[in-house]
Amino acid sequence: MPGHRHAEYCGASSLELIKNYPDRIGYLHLKQINPDVLKKVNEENMTWAAANLAGVMTEPPNGLPDLRAVIEAVEGLNRPIFGIVEQDMYPVAFDVPMPIAKRTRNYLLSCGSRTTVN
């Protein structure tokens, strides 16, 4: 399945995609967008590069889609699904990503009964 950020960024619902196309989901590419920044991005017709610099990407659980709901929906498919988490941040200081990664890991571990993080 394409990245959830791609769906939400373009106005689609990740949950609807999971519901309507469950057989097409082989893995999850988990990202979140800041809806307030996305509104500005759309109003100003920003490029992706400008949107990224404006902070359209955000760390979980601060954005869309609701990753807890996404994980619950995917768990409902009753098969193992691999997921990768990414947050676009560039340019970024070297000491910024690791704390975000740790907080994101802890958040994801709280999201589902079968969620594991390696």
- prompt: For the chain, what does -39500 (n - 2.57) per DSSP helix run (n ≥ 4), summed and divided by total residues, give at 222 nm, in deg cm²/dmol to the nearest 500?
  reply: -12000 deg cm²/dmol
- prompt: Mind checking which aspartates and glutamates have their C-alpha under 17 Å from K19, skipping anything on the same chain fewer than 8 residues away?
  reply: E8, D66, E72, E75
task: Can you pull the one-decimal nm distance between simple spin-label points at D95 and N78, each 7 Å off the Cα toward Cβ?
output: 5.0 nm
message: Which three numbers, in whole Å and largest first, are the semi-axes of the equivalent ellipsoid of the chain derived from its Cα gyration tensor as √(5λ)?
response: 24, 19, 11
query: Can you give the relative contact order of the stretch 31-118 as a percent, counting alpha carbon pairs under 8 Å and 6+ residues apart?
result: 33 percent
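Quick note: the coordinates plus some simple rules give every number you see, no bench work behind them. Given the structure is predicted, the values throughout are model-derived calculations rather than measurements. Methodologically, a virtual Cβ is constructed for each residue, glycine included, from the backbone with ideal geometry; neighbour enumeration extends over all protein chains shown.
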